[in-house]
Amino acid sequence: MIHRFFGKGNETTPLTFVAMRTFDIPEAYRSPVIGKVKAIRKLRDPRKRDFAPSLLDFGSVKIVLPRHFGFCFGVENAIEIAYRAVAENPGKRLWLLSQMIHNPEVNADLESQGIGFLMDTEGGVITPFESLRSDDVVIVPAFGTTLELEAKLMEIGVDIQKYNTTCPFVEKVWKRAAQLGQKEYTVVIHGKPTHEETRATFSHSSSSAKSLIVKNMDEAVVLGEFIRGKRDWATFEAHFSGRSSEGFRVPEDLERFGVVNQTTMLASDTQAIADHLKLALEHRDGGKADRFASTRDTLCYATLDNQTATTGALAEAQVDIDLAFVVGGYNSSNTSHLVELCQDQMPTWYVRSAEEFEGDGGLGHFNLNTGKRESAENWWTVDLPEGKVPTVLLTSGASCPDSAVDRVLQKILERFGGGRAVDDVLRDFAQEQANLENE
């Protein structure tokens, strides 16, 4: 494990870290507006300890930006490595094991650089492994990959470590799972069973510990009922078929366990699942201390910070938000969870890019409830008190470049029209932040 961060946290505050270096990512992913807002905030709060949102008043519309959103450390690291692979290997065949990250803009740009894909996000084969040569360059995505696929590539003779972009926080989960296995704990993984990261974590965890995947709280409740003795263990396989490691035994392998997660899941959901299962163990065993392993330290700081910042912006007493936009890939787990947080409180539009704004005023968006892309009309129409300027929360997932958020911001400004110039708004925002610094 490479330690790239320093920071501190406790049981009630998010773990906020400061990266010890910056990354060389393509200029096209940077943003003239969002980038400036982040730079202004960084001047006053370099360690990102202030979670208050940023408010930009354009006159005809107000834009609220959470303190944390967009590319995280792991994503920037992966993008830098991928583009370095292109630069360092002219004339060679380059492949991504699967999508680098769950963002269509980034993946399309990498494909335009000549990088092909070996698999889709579900693990389906796009390019047969039999066609690979030992001198091919294969880039492992930020989600990591399974030990089985690693072995297959190494058998071909492909070097999978040179351009391995696995996120350090995913690796941290794997390391913690191995430690649990050494102490004879079972590992319960909170994650989406078909997601690349969960498949990779399950593979690594199963190599050293009995492992079981739980998708959500509903499944955790079922598991808790088994542990409490309220369900017949004979029906266990019917509920968790294909989710457990080879040779998994019940109830023996659920005597002692810890909970880790797919790092893009809602941290609050993971903690709630861990708390629920811990209570089930205490009910069964009378609270014996060694039965449940604390794994809170495996929660990804970036995911947690993005979620906390979004929740904080929604709860900000001084900002009455009317609608929200969340920008990111429609198969992005961490982005979808930000949508869930927002749509519980207000009309929320989940868009993958500015191209979803249609010429006739319609809006293409992804509906989490139906699981489909849909089209909406008059998306900007909200019930407002007379004279109130509409306020829009704008955020994005950890795999979304700031440039994409910038373009969505411009589309929102175009729709509401008649506002103040961007440069004037940014100048006033910088002055407001400077005044706060002097208070």
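Key figures
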{"read-out": "Solvent-accessible area, 1.4 Å probe, carbon plus sulfur percent, for segment 280-439", "value": "43"}
{"read-out": "Rounded tilt (10° steps) of 422-438 against the dominant C-alpha axis of the chain", "value": "70"}
{"read-out": "Check: the chain dipole with +1 on Lys, Arg Cβ and -1 on Asp, Glu Cβ, in debye", "value": "1160"}
{"read-out": "For Leu323, residues with placed amide H under 5 Å, excluding near neighbours", "value": "Thr391, Leu393"}
{"read-out": "Derived scalar couplings ³J(HN,Hα) [segment 286-294; Karplus, 6.51 cos²θ - 1.76 cosθ + 1.60; whole Hz; x for Gly, Pro]", "value": "x, x, 4, 5, 8, 7, 10, 9, 6"}
{"read-out": "Relative packing of peptides 24-37, 302-315 - highest average C-beta neighbours within 10 Å first", "value": "302-315, 24-37"}
{"read-out": "Relative contact order [Cα under 8 Å, 6+ residues apart], segment 79-135, whole percent", "value": "31"}
{"read-out": "Candidate aspartates and glutamates for bridging to Lys288, where Cα separation is under 12 Å - those fewer than 8 sequence places away on the same chain excluded", "value": "Glu255"}
{"read-out": "Value of [θ]222 nm, deg cm²/dmol, for the chain, DSSP H segments ≥ 4, -39500 (n - 2.57) each, nearest 500", "value": "-12000 deg cm²/dmol"}
{"read-out": "Phi to ³J(HN,Hα) by Karplus 6.51 cos²θ - 1.76 cosθ + 1.60 over segment 386-391, Hz, x for Gly, Pro", "value": "4, x, 7, 7, x, 10"}
{"read-out": "Share antiparallel - DSSP beta bridges, the chain, percent rounded to 5", "value": "35"}
{"read-out": "Segment 376-423: GluC sites (Glu not before Pro) in DSSP loop, at most 14 other beta carbons within 10 Å", "value": "Glu377, Glu386"}
{"read-out": "Cα gyration tensor, segment 221-293 - rounded (a/c under 1.5), prolate or oblate", "value": "oblate"}
{"read-out": "Greater than 29 Å apart at Cα, pairs in Lys92/Lys152; Lys175/Lys372; Lys36/Lys192", "value": "Lys175/Lys372; Lys36/Lys192"}
{"read-out": "Alpha-carbon Rg/Rh ratio, for segment 195-255, with Rh computed the Kirkwood way", "value": "0.96"}
{"read-out": "Segment 130-248 - accessible surface per residue (Å², probe 1.4 Å)", "value": "44"}
{"read-out": "Low-density loop cleavage sites - trypsin sites (Lys or Arg not before Pro) in segment 103-204, where at most 16 other Cβ are within 10 Å (DSSP)", "value": "Arg133, Lys162, Lys183"}
{"read-out": "Segment 261-340: C-alpha pair distances exceeding 14 Å, %", "value": "69"}
{"read-out": "Options Ala376, Trp233, Leu281, ranked by Cα towards positive dipole end of the chain, top entry (Cβ charges)", "value": "Leu281"}
{"read-out": "Mean Cα-pair separation over length for segment 238-376, i.e. relative contact order, pairs under 8 Å, 6 or more apart, %", "value": "17"}
{"read-out": "C-alpha long axis of helix 196-206 to longest principal axis of the chain, angle in °", "value": "30"}
{"read-out": "Of the GluC sites (Glu not before Pro) in segment 107-175, those whose Cβ has at most 12 other Cβ within 10 Å and which sit in DSSP loop", "value": "Glu122"}
{"read-out": "Cα gyration tensor category, rounded, prolate or oblate, for segment 272-419 with a/c compared to 1.5", "value": "prolate"}
{"read-out": "Most mobile listed residue (Asn89, Asn216, Asn331) in the chain, GNM with C-alpha springs under 10 Å", "value": "Asn89"}
{"read-out": "Partners for Lys62 among aspartates and glutamates (Cα-Cα distance below 12 Å; same-chain residues under 8 apart left out)", "value": "Asp320, Asp322"}
{"read-out": "Full-stretch length increase - Trp380, Arg231 - with 0.36 nm per residue and alpha-carbon distance subtracted", "value": "48.7 nm"}
{"read-out": "Translational diffusion coefficient (Stokes-Einstein; Kirkwood radius from C-alpha pairs) of segment 341-421 at 37 °C, 0.692 mPa s, in µm²/s", "value": "236"}
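The values are calculated or read from the model by the stated rules, or taken from the named source; none is laboratory data. If you're wondering where the values come from, they're calculated on a predicted model, not measured in any experiment. Positions of Cβ are backbone-derived with ideal geometry, glycine not excepted, and every protein chain shown enters the neighbour counts. Just the protein is used for accessible areas: all its heavy atoms, side chains included, with ligands, DNA and RNA removed. Shrake-Rupley method; radii C 1.70, N 1.55, O 1.52, S 1.80 Å.
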